[in-house]
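Peer 1: My questions all concern the structure below.
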Amino acid sequence: MPVIVVANPKGGVGKSTLSTNLAGYLASRGHAVMLGDVDRQQSARTWLALRPAHLPPIASWDALGEDVVRPPKGTTHVVLDTPAGLHGKRLDEVMKIADKVLVPLSPSIFDIHATHEFVRQLQAHRRSDKVQVAIVGMRTREGTISTDQLRHFLEGLKIPLLGFLRDTQNYVHLAAHGLTLWDVAPGRFERDLAQWEPVLKWVEA
C-alpha cells in the first residue's frame, strides 16, 4: 500500500491542490484511496465534503490524533496532505509511513528559500534512504523571472523535478465543487492533464 505524502513547511504553495487531484486520479483508476489530512485547517476534509457522491469514492482519514497511524485494511493507496510548519515529531511520524514525498514549490523567492531547508531536512532524515522525494513546480508561468529562479534553485538539489503545473483558475473552479481533473470531460483540461503525466508516472513507478 503506497503512502504518498504531500509536504512543504511553507503555506499556500499548492499542497491541497496537489493532494486532492492526486487522490482523484488514483480513485479514477479504481483504487481504494484514502485522503488523509494532517493539516489542522482540514482543507482536504472540506474538499471531500463537497465531492459529489456519484464520483469514484475517496475515503477520508482523520490523521489529526497525537500520532499518525496506519489506515484500515482494504485501503490500497494513501495520499496524505500536511500542514505548514511540518517539522520535529510530526515530520518523524509522517516519514515513518511515507513511501514517497511530493514537495510542491511555487516560484516565489520566499517560498524557494523556505523550502530549501525543508528539503535538507528530508535528505538528512534517518529514513531518507527508504523514502523517495521529488519536487513539483506549482502555479508557474513559462518565461517569467520567478520560474527561472525556481529552475536555478532546483539545479542545486539532488532531487528530481517532475515538472510544472501552470497557474490557472481551473484548479480553483474544480476544487469549489469537490472535483479533480479526472472527474470532468478532458477537452477543456488537455494542457493541465499533459502536465500531470510525469508526476503520475513517478507516483506509480
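Peer 1: What are the pairs with Cβ atoms under 6 angstrom where one residue, in the range 109-121, is touching a residue at least 24 places away in the same chain (Cβ under 8 Å) and the other, located anywhere, is part of a helix (DSSP H, G or I) and surrounded by 11 or more Cβ atoms within 10 Å (Cβ to Cβ)? Sequence gap at least six, or different chains.
Peer 2: Ile112/Phe153
Peer 1: Does the range 169-184 contain at least one residue that is within 21 Å of His116 (Cα to Cα), more than 19 Å from the chain's Cα centre (by Cα), surrounded by fewer than 17 Cβ atoms within 10 Å (Cβ to Cβ) and among the aliphatic types (A, V, I, L, M)?
Peer 2: First, the residues of the range 169-184 that are within 21 Å of His116 (Cα to Cα): none.
No, the range 169-184 has no match at all.
Peer 1: Under 7 Å by Cβ, and 6 or more places apart or on different chains, what pairs join a residue from the range 161-185 that is more than 15 Å from Pro104 (Cα to Cα) and of a type in the set (Ser, Thr, Tyr) with one that is surrounded by fewer than 19 Cβ atoms within 10 Å (Cβ to Cβ) and modelled with pLDDT of 95 or more?
Peer 2: So the pair list comes out as Thr168/Asp192.
Peer 1: Considering Arg51, Arg70, Arg90, which residue is modelled with pLDDT under 80 and more than 16 Å from the chain's Cα centre (by Cα)?
Peer 2: It is Arg70.
Peer 1: Count, please, the residues in the range 1-36 that happen to be in a strand (DSSP E or B) and either in contact with a Phe, Trp or Tyr (Cβ under 7 Å, 6 or more places away or on another chain) or free of Cβ contacts under 8 Å to residues at least 12 places away in the same chain (or both).
Peer 2: Within the range 1-36, the first condition is being in a strand (DSSP E or B), and the residues that meet it are 3-6, 33-36.
From what is left, the residues that are either in contact with a Phe, Trp or Tyr (Cβ under 7 Å, 6 or more places away or on another chain) or free of Cβ contacts under 8 Å to residues at least 12 places away in the same chain (or both) are 34-36.
Looking only at that region, the number is 3.
Peer 1: Quickly run through the range 89-103 and pick out the residues that are out of contact with any helix residue (DSSP H, G or I) (no Cβ under 8 Å at 6 or more places or on another chain) and among the β-branched types (Val, Ile, Thr).
Peer 2: Answer for the range 89-103, where residues must be out of contact with any helix residue (DSSP H, G or I) (no Cβ under 8 Å at 6 or more places or on another chain) and among the β-branched types (Val, Ile, Thr): Val94, Ile97.
Peer 1: Inspect the range 195-205 for any residue being among the aromatic types (Phe, Trp, Tyr), more than 18 Å from Gly14 (Cα to Cα) and not in a strand (DSSP E or B) and give the result as yes or no.
Peer 2: The answer is yes; a qualifying residue exists.
The rows are residues; the columns are (1) among the charged types (D, E, K, R); (2) surrounded by 12 or more Cβ atoms within 10 Å (Cβ to Cβ).
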site: Thr115; (1), (2): no, yes
site: Lys130; (1), (2): yes, no
site: Arg139; (1), (2): yes, yes
site: Leu150; (1), (2): no, yes
site: Leu154; (1), (2): no, yes
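The values are calculated or read from the model by the stated rules, or taken from the named source; none is laboratory data. Just so it is clear, the model here is predicted, and its values are computed rather than measured. Quick reminder, even Gly has a Cβ in these numbers, built from the backbone with ideal geometry, and neighbours come from all protein chains shown.
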